[in-house]
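A.B. asks: Below you will find the structure I want to go over with you.
Each value in this text was obtained by applying a stated rule to the coordinates, not by laboratory testing. The model shown is predicted, which means the values in this text are computed figures rather than measured ones. Counting neighbours? That spans all protein chains shown, and the Cβs are built from the backbone with ideal geometry, glycine included.
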Amino acid sequence: MQIETELHGAVTVLKPRGPLVTNDAGILREMGSDTIADSMGRMVIDASAIVYLDSNGIEALLDLADELADAGRVLKLCGSNETVREVLEITETSAMFEHFEDVPSAVRSFL
Amino acid sequence: MNTETEPIPAESVATSQSCSRGIHWWRSPIAIPLAASVVAIGGLTGLGYLSLSLGAEGWIASQGLPISDRSGLMAVAGLGVALVLVASIAAANRLRVLLQIRASLLSFASGERCEGSLSVVDLPGAGSAWNALLDWRQAEIENAEAAVLLSNTDGGDQNNTYAADMLWHGIILIDEQQIIRYANGASAVFLRQRKDAMLGIDIRRVVTDDGVIDAIQIAVETGSRQKRVMDVGDASSPDTSVLRYSVRANGSTSDRSILIVIEDVTQQRISDAVQHSFVSQAAHELRTPLTNMNLYLEQLIEDELSLEERGSALNVINGEISRLDKIVCDMLSIAEIESGSMHANLGEVRMQPLFEQLEADHGEAARQKKLVLTLELPPKMPVILGDRDKINIVLHNLVGNAIKYTPEGGVIRVVVHEEGDRIVTEVIDTGIGISEDDTSRVFDRFVRVDDPRVAKETGTGLGLALAREIARMHNGDITVFSELDSGSTFSFWMPIVSSSTAQAA
């Protein structure tokens, strides 16, 4: 899985490309965890290029959300497509995240 | 906050009042009866002597007593009257304070807890004693609050700790020895520590900034509740965060604690800096064409130009007005995108006519510069869902830049192809190229590469920033690969989403 990293001010935006499944989920978890430590929790996941996700993908997102919750923050997802949103709704995990339409609005929420 | 009435320990009250009693006898409980007695005795004595002296003056005179004896009696009577007056004033003052205390007690009974409302006129005696009692009560309440927070670290009620852990401001509570008694999760993240490992250690082991340490030391020594705020870190460095520390003391002299609140203000600092930089750059960009216009207008007004020169001057002014118009439009577009108020007017976009128009618009400029501009299009171009005008802006910016920065005799290729579910447009030129350091900056606003070959061309430094924002609005992007003096390749891609697919989604 290709994960692009971009810095918006002090906020790091991770953009995984492709389906978030099996081993790819582990890559995102590891990269996200490092980013949380480096950026003191100022992280956004741009989900616009995540085509779909399986249980591993959900677990990876929840792990990152838990890690951020220890610092009083909530994992911010943006640009999720209909499929990803539905999966999160059905599994009742959607409320564990903050959802934004696009990257700029997610980044602005750190102000 | 606990504002319920609490029993005040008798020994505490005695302690707080003992000093006053030793120094000021009138604060004694017997002071009022004593004063009343003095008033009564003095008054009666004075009146007695007065009446006696007035009524018996005739009798005294008839008895043939000397004048000096009569004067003595009159002096005694006057002294009595004065004593009555002084005692009456003192009693009235004391009575006023007592009435205020009574009113304060009644307010307290009816639920008033504000110290300011319950305090009375601070006169020596009962007034100041009452106010001291209120001060003592307020201090006890604050100490109790601090104690509740401290007790949570020993496994007490976890509710407050849980609440503090949900905050994204770091909260640290230390004691007088500067030992950490409580630290929430956010503080551990900010100080790059494990939360559990922070408890029981000296704050100076995790906070090393001298300013913060000094503020903590002052708070410990003085017990000042005045908040000291300082920012630590440098926002200009990408690896550094800016943390705002607020330090203040809490509790009494005997049981003092220091509260440290840490706030991450890095993003705010960067945002401020970007705004400041944007305004400066915008002012600079606007001033340049205005200066040119001003210069030529002065010459026109002075009427020193020939007809040909006047035409040339008007052309320059016209060009600068166009430049100003473009700068303002680009700035507005970027501002709209960043504020989220710009929306793409989505519709079916036929790409073939877009590229035909692109060639028609830029062909002449390329020919004038002796450039070869070729379009390599696939036999069948997809119809995509997007905003036609905005996609046009991107294509014109990329091809316009290529023409601008490719020397005479160069070649510019516009290659369009499909890659999976994307349509990719590559603008490949044999121009001046971009150095590796500048490649990452070319999409920033108002950035123009520091190269004399770039400086001689007009430009706003906003075109590529706007193009990339538009590409991202369409869930696409623009990337660049370039080599200095060899040329550049800008790749603009967008997902191929047909209108039927989009409607189904």
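A.B. asks: Tell me, what is the Rg over Rh of the stretch B:165-204, with Rh the Kirkwood radius over Cα pairs? Could you put the intermediate results ahead of the total?
C.D. replies: Values: Rg = 9.3 Å, Rh = 9.9 Å.
With Rg and the Kirkwood Rh in hand, the quotient comes to 0.94.
A.B. asks: In nanometres, what is the gap between the two model label sites at B:GLN226 and B:ALA109, each 7 Å from Cα along Cα-to-Cβ?
C.D. replies: 4.2
A.B. asks: Related question: With +1 on each Lys and Arg Cβ and -1 on each Asp and Glu Cβ, how big is the dipole of the stretch A:2-102 about its Cα centre, in debye rounded to the nearest 20?
C.D. replies: On the way: 7 positive and 20 negative charges, 40 e Å.
For the stretch A:2-102, the charge dipole is close to 200 debye.
A.B. asks: Separate question: Separation between the B:ASP421 and B:VAL274 pseudo-spin-labels, each 7 Å from Cα along Cα→Cβ, expressed in nm?
C.D. replies: Result for the modelled spin labels: 2.9 nm.
A.B. asks: While we're here: On average, how many beta carbons from a partner chain sit within 10 Å of the beta carbon of a residue in A:8-16?
C.D. replies: Numbers: counts 2, 10, 13, 3, 0, 0, 0, 1, 0.
Other-chain Cβ atoms within 10 Å of each residue's Cβ, averaged: 3.
A.B. asks: For B:SER440 and B:GLU140, what does the FRET efficiency come to when R0 = 41 Å and r is the distance between their Cβ atoms, rounded to the nearest 0.05? Please list the in-between numbers first.
C.D. replies: Details: r = 60 Å, r/R0 = 1.47.
Taking R0 as 41 Å, the efficiency between B:SER440 and B:GLU140 is 0.10.
A.B. asks: Ratio of the stretch B:269-339's C-alpha Rg to 2.2 N^0.38 Å, to two decimals?
C.D. replies: On the way: Rg = 16.4 Å, N = 71, 2.2 N^0.38 = 11.1 Å.
Taking the Cα Rg and dividing by 2.2 N^0.38 Å, one obtains 1.48.
A.B. asks: Which net charge results for the neighbourhood of B:SER491, defined as the other residues with beta-carbon distances under 11 angstrom from its beta-carbon, given Lys and Arg at +1 and Asp and Glu at -1?
C.D. replies: Working: positive: B:ARG422; negative: B:GLU419, B:GLU426, B:ASP477.
Here the count lands on -2.
A.B. asks: Using the Kirkwood formula over every pair of different C-alpha atoms, what hydrodynamic radius in Å results for the stretch B:400-440?
C.D. replies: Taking every pair of different Cα atoms in the stretch B:400-440, averaging 1/r and inverting gives 11.7 Å.
A.B. asks: Taking the Cα atoms of the stretch B:299-398 alone, what are Rg (to one decimal) and Dmax (as a whole number) in Å?
C.D. replies: Answer for the stretch B:299-398, Rg first and Dmax second: 19.4, 60 Å.
A.B. asks: Moving on. Tell me, in nm to one decimal, what length is gained between B:GLN193 and B:HIS169 on full extension, where the rule is 0.36 nm per residue of separation less the Cα-Cα distance?
C.D. replies: On the way: separation 24, 0.36 × 24 = 8.64 nm, distance 1.51 nm.
Stretched out fully, the B:GLN193 to B:HIS169 stretch lengthens by 7.1 nm.
A.B. asks: Another one. Give me the extension gain from B:LEU98 to B:ASP485: residue separation times 0.36 nm, minus the current Cα-Cα distance, reported in nm with one decimal. List each step's numbers first, then the result.
C.D. replies: Values: separation 387, 0.36 × 387 = 139.32 nm, distance 9.38 nm.
Here the segment from B:LEU98 to B:ASP485 would lengthen by 129.9 nm.
A.B. asks: Ranked by Cβ crowding within 10 angstrom, fewest neighbours first, how are A:MET43, B:MET198 ordered? Walk me through the numbers before you get to the answer.
C.D. replies: On the way: A:MET43 26, B:MET198 19.
Placing the least packed residue first, the sequence is B:MET198, A:MET43.
A.B. asks: OK, next. At a 10 angstrom cut-off on C-beta neighbours, averaged per residue, how do the peptides B:278-289, B:387-398, A:79-90 rank from highest to lowest?
C.D. replies: Details: B:278-289: 14.5, B:387-398: 19.7, A:79-90: 16.0.
The most tightly packed comes first, giving B:387-398, A:79-90, B:278-289.
A.B. asks: Give me the three principal axis extents of chain A from the C-alpha atoms, as integers in angstrom, largest value leading.
C.D. replies: 31, 25, 24
A.B. asks: Using a Debye calculation, one point per C-alpha and no hydration shell, please list log10 I(q)/I(0) for the stretch B:322-377 at q = 0.24, 0.26, 0.29 Å⁻¹ in order.
C.D. replies: -0.93, -0.94, -0.99
A.B. asks: Then there's this: For peptide B:165-176, how many partner chain Cβ atoms fall within 10 Å of a residue's Cβ, on average? Show your work: numbers first, answer last.
C.D. replies: Details: counts 4, 3, 3, 8, 1, 3, 1, 0, 0, 0, 0, 0.
Taking the mean over all residues of the peptide, I get 2.
A.B. asks: Need the list of lysines near A:LYS76 for cross-linking: C-alpha distance under 27 angstrom, and skip anything on the same chain fewer than eight residues off.
C.D. replies: A:LYS15, B:LYS195
A.B. asks: Under a point spin-label approximation (7 Å from Cα along Cα-to-Cβ), what is the B:ASP214-B:CYS329 distance to one decimal in nm?
C.D. replies: Roughly 5.5 nm, to one decimal.
A.B. asks: Fewest to most neighbouring Cβ within 10 Å: what's the order for A:CYS78, B:CYS329? Walk me through the numbers on the way to the answer.
C.D. replies: Working: A:CYS78 23, B:CYS329 14.
Least to most surrounded, the residues fall as B:CYS329, A:CYS78.
A.B. asks: Please state the charge dipole magnitude for the stretch B:319-388, taken about the Cα centre, from unit charges on C-beta atoms (+1 on K and R, -1 on D and E), reported in debye and rounded to the nearest 20.
C.D. replies: It comes to approximately 300 debye.
A.B. asks: Another question about this same structure. Determine the relative contact order of chain A: mean sequence separation of Cα pairs under 8 Å and six or more apart, normalised by residue count, in whole percent. Provide the component values of the computation, followed by the final result.
C.D. replies: Working: 188 pairs, mean separation 28.6, N = 111.
Computed value for chain A: 26 percent relative contact order.
A.B. asks: List B:SER119, B:SER306, B:SER312 from most exposed to least, where exposure is judged by having the fewest other Cβ atoms within 10 Å. Let's see the in-between values first.
C.D. replies: On the way: B:SER119 17, B:SER306 8, B:SER312 13.
Going from least to most buried by this count: B:SER306, B:SER312, B:SER119.
A.B. asks: Moving to a separate point now. Using 1/(1 + (r/R0)^6) with R0 = 35 angstrom and r between the beta carbons of B:ASN292 and B:SER246, what's the FRET efficiency to the nearest 0.05? Kindly include the intermediate steps, with their values, before the conclusion.
C.D. replies: Details: r = 51 Å, r/R0 = 1.45.
Calculated value: 0.10.
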